[in-house]
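Asker: Quick one: this structure, given as structure tokens, is what I'll be asking you about.
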Amino acid sequence: MPSSPTRSAVTPSAPPLDLLGPPLDPVGSLRRTDVVVLGGGIIGLAAAWSLAEQDHQVVLVDPAPLSGASWVAAGMLAPVSELHAAEAPLVGLGLAALEHWPAFAQALTEASGLDLGLRTEGTVLVAATPDDHRALLELLDLHRRLGLASQPLTRREARQLEPGLAPGLAGALLIPGDHHVDPRLVARALALAARRAGVRWVAAAGSALRCRRGAVEGLVLDSGVHLDAPAVVLAAGWRSAAVDGLPPTLRLPLRPVKGQILRLATRTGTVEGPRHCIRALVEGAPVYLVPRRSGEVVLGATSEEQGADPTPTAGALYELLRDAVAVVPGVRELELTEVGVGHRPATPDHGPLVGPLPAGSGADGLVLAVGHHRNGVLLCPITAEAVRAAVEGDPLPDALGPFGPTRFSPDLGGATLEAWTPLPEGPAPR
Ligand SMILES: Cc1cc2nc3c(=O)[nH]c(=O)nc-3n(C[C@H](O)[C@H](O)[C@H](O)COP(=O)(O)OP(=O)(O)OC[C@H]3O[C@@H](n4cnc5c(N)ncnc54)[C@H](O)[C@@H]3O)c2cc1C
């Protein structure tokens, strides 16, 4: 009997490595370049593309580009709805990062010919219970004190914007300036644009930075091959600190924060997906739904201090689905297409470490682009611009001033780690 057609659900889709072109064999074909970018997530790819656009010869080193957090991310560009009090210093960076997005999206769309799934309808924040509503009103108050655009909605207004919302919700806000993109489309576009701009890809891990007389000389690959370059950009996500040969005075307190996330799809003839990005608090627990034009709906995400554990767990997925159904009952009818797990590269203050190491650090020519935690997609264009500026000796965007690469390194002018009280995972993980 012929078997009926089946579709493999819940298996993560593979990143589009073909767009980067065939990987190079560094032995013989390539030993010297202007810049090596170590790590091909969304941050490394964007940095590599922006450098190659300025005519630098760039080699991207990664055994499995896009195999990290970038491939599972939801894609919210949401500095306002993401804000919570303990992270107030990040909002300035987030807003500045958002301002970089329109020009970045236009340039990337032109360079790749691909759509990025950028949607600008705004974000609806929803409270399920009276206690959640109180938390939402506190957030509204914080928005007002910081002068951020945020608008309370009556239940009727909320349901006019989002007919799929459950009738009994306690309250809602509209954040008109918080947008979203499809990070997988952005990744595809970056891979293609990087290749077209001349970025060459080596499918190997970087094992050690090579420095001589206080300056970067290049990188040793795990195969033992040496790549010579006067500039190295470290962009290997939460694994960045594992690279050997970094200056001993440089402290990189990076840790993986596990996120479990689901991909769902609308089905013809059943319920519609949401029209906006919906972020909700359900008895204090955050959950979000991010719709794509394709009919995909991303439902996320947990935020767990479990080290590098890659396992999806039934309990976490049950809770995400339960809370999403409480806010948008039609989620029950969507098709489950994928379960993903990623690891956000987190720092003690939840801010990134971006910029060149200062002269005298022992690694002149090393540029950091790490620690983007929950906001790597939002921060991708401003980080790429900062990396280009760092390599060319230009000033970095002002908003990155408080997020310098040595701020956790007392011997390089930063504060001691004890001075940083690690922030708890706030009420808005993603
Ligand atoms: C569930 C979830 C949802 C998220 N949602 C959002 C969101 O809505 N909005 C937002 O802005 N951000 C979001 N984020 C955060 C965002 O995904 C990350 O901040 C971002 O992807 C970090 O990008 P990256 O390039 O630094 O790291 P990664 O994407 O993790 O890439 C690191 C790369 O480095 C490579 N690598 C590691 N070690 C080496 C080595 N030794 N040599 C060579 N290569 C190496 C890996 O193979 C990998 O390809 C989310 C994250 C998660 C987990």
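The values are calculated or read from the model by the stated rules, or taken from the named source; none is laboratory data. What you see is a predicted model, and the numbers here were worked out from it, not measured in a lab. Every residue, glycine among them, receives a Cβ derived from its backbone with ideal geometry; neighbour counts consider all protein chains shown. The accessibility values were calculated without ligands, DNA or RNA, using every heavy atom of the protein model including side chains. Shrake-Rupley method; radii C 1.70, N 1.55, O 1.52, S 1.80 Å.
Asker: Which whole-Hz ³J(HN,Hα) couplings does segment 334-348 yield from phi under the Karplus relation 6.51 cos²θ - 1.76 cosθ + 1.60, θ = phi - 60°, glycine and proline marked x?
Answerer: 6, 7, 8, 10, 7, 10, x, 10, x, 10, 6, x, 9, 10, x
Asker: Counting only protein heavy atoms and using a 1.4 Å probe, what share of the accessible area of segment 265-416 belongs to carbon plus sulfur, as a whole percent? Walk me through the intermediate numbers first.
Answerer: Numbers: 2880 of 5540 Å².
The computed percentage sits at 52.
Asker: When the helices in the chain are scored as -39500 (n - 2.57) per DSSP H run of 4 or longer and the sum is shared across all residues, what 222 nm value do you end up with, to the nearest 500 deg cm²/dmol? It would help to have the intermediate numbers written out before the result.
Answerer: Values: 8 runs with 108 residues, N = 430.
Counting only the DSSP helices, I get -8000 deg cm²/dmol.
Asker: Whole-Hz Karplus ³J(HN,Hα) for segment 264-277, in order, using 6.51 cos²θ - 1.76 cosθ + 1.60 and θ = phi - 60°, x for Gly and Pro?
Answerer: 10, 9, 6, 10, 3, x, 10, 5, 6, x, x, 8, 10, 5
Asker: Okay, next question. In square angstrom, what is the accessible area per residue of the chain with a 1.4 angstrom probe?
Answerer: Working: 17640 Å² over 430 residues.
Spelled out: the 1.4 Å probe surface of the chain, per residue, equals 41 Å².
Asker: OK, next. Run through the DSSP bridge list for the chain and note the antiparallel percent, rounded to the nearest 5. Walk me through the intermediate numbers first.
Answerer: Details: 50 of 72 bridges.
Within the chain, antiparallel bridges account for around 70 percent of the total.
Asker: Nothing charged except the Cβ atoms of Lys and Arg (+1) and of Asp and Glu (-1): what's the magnitude of the dipole of segment 49-174 about its Cα centre? Round to the nearest 20 debye.
Answerer: Values: 7 positive and 15 negative charges, 116 e Å.
That gives segment 49-174 a dipole magnitude of about 560 debye.
Asker: With axes computed from alpha carbons, what is the tilt in degrees of helix 89-112 against the longest principal axis of the chain, rounded to the nearest 10 within 0 to 90?
Answerer: 80 degrees
Asker: If you don't mind, there's one more thing I want to ask. Share of segment 21-164's accessible area from carbon and sulfur, percent, 1.4 Å?
Answerer: Details: 3300 of 6140 Å².
Ligands and nucleic acids excluded, carbon and sulfur give 54 percent.
Asker: Where the eigenvalues come from the Cα gyration tensor of segment 273-340, what are the semi-axes √(5λ) of the equivalent ellipsoid, largest first, in whole Å?
Answerer: Numbers: eigenvalues 83, 41, 25 Å².
Ellipsoid half-lengths, sorted descending, are 20, 14, 11 Å.
Asker: Quick one: grab the alpha carbon gyration tensor of segment 84-241, order the square roots of its eigenvalues as a ≥ b ≥ c, and give me rounded if a/c is under 1.5, else prolate or oblate depending on whether a/b is larger than b/c. Write down the numbers at each step before the final one.
Answerer: On the way: a/c = 3.00, a/b = 2.11, b/c = 1.42.
It comes out prolate by the Cα gyration axes.
Asker: Before anything else, pin down the relative contact order of the chain: Cα pairs under 8 Å, at least 6 apart, normalised by residue count, whole percent.
Answerer: On the way: 996 pairs, mean separation 96.8, N = 430.
Across the chain, relative contact order equals 23 percent.
Asker: Can you give me the solvent accessible area of ASP222 with a 1.4 Å probe, rounded to the nearest 10 Å²?
Answerer: Approximately 100 Å² of ASP222 is accessible to the 1.4 Å probe.
Asker: Compute the semi-axes of the equivalent ellipsoid of segment 337-395, taking the square root of 5 times each eigenvalue of the Cα gyration tensor, and list them largest first in whole Å.
Answerer: Values: eigenvalues 141, 36, 17 Å².
So the three semi-axes of segment 337-395 are 27, 13, 9 Å.
Asker: Report the per residue volume, in Å³, of the convex hull enclosing the C-alpha atoms of the chain.
Answerer: Values: hull volume 66.1 nm³, N = 430.
For the chain, the hull spanned by Cα atoms encloses 154 Å³ per residue.
Asker: Against the longest alpha carbon principal axis of the chain, how many degrees, from 0 to 90 and to the nearest 10, is the axis of helix 314-327 turned?
Answerer: Its long axis makes an angle of about 50 degrees.
Asker: On the principal axes of its Cα set, how long, how wide and how thick is segment 128-205? Give whole Å, largest value first.
Answerer: Taking the Cα atoms of segment 128-205, the three principal extents are 54, 31, 24 Å.
Asker: Still on this structure: Which three extents, in whole angstrom, do the alpha-carbon atoms of segment 191-303 cover along their principal axes, largest first?
Answerer: Cα extents, longest axis first: 64, 38, 22 Å.
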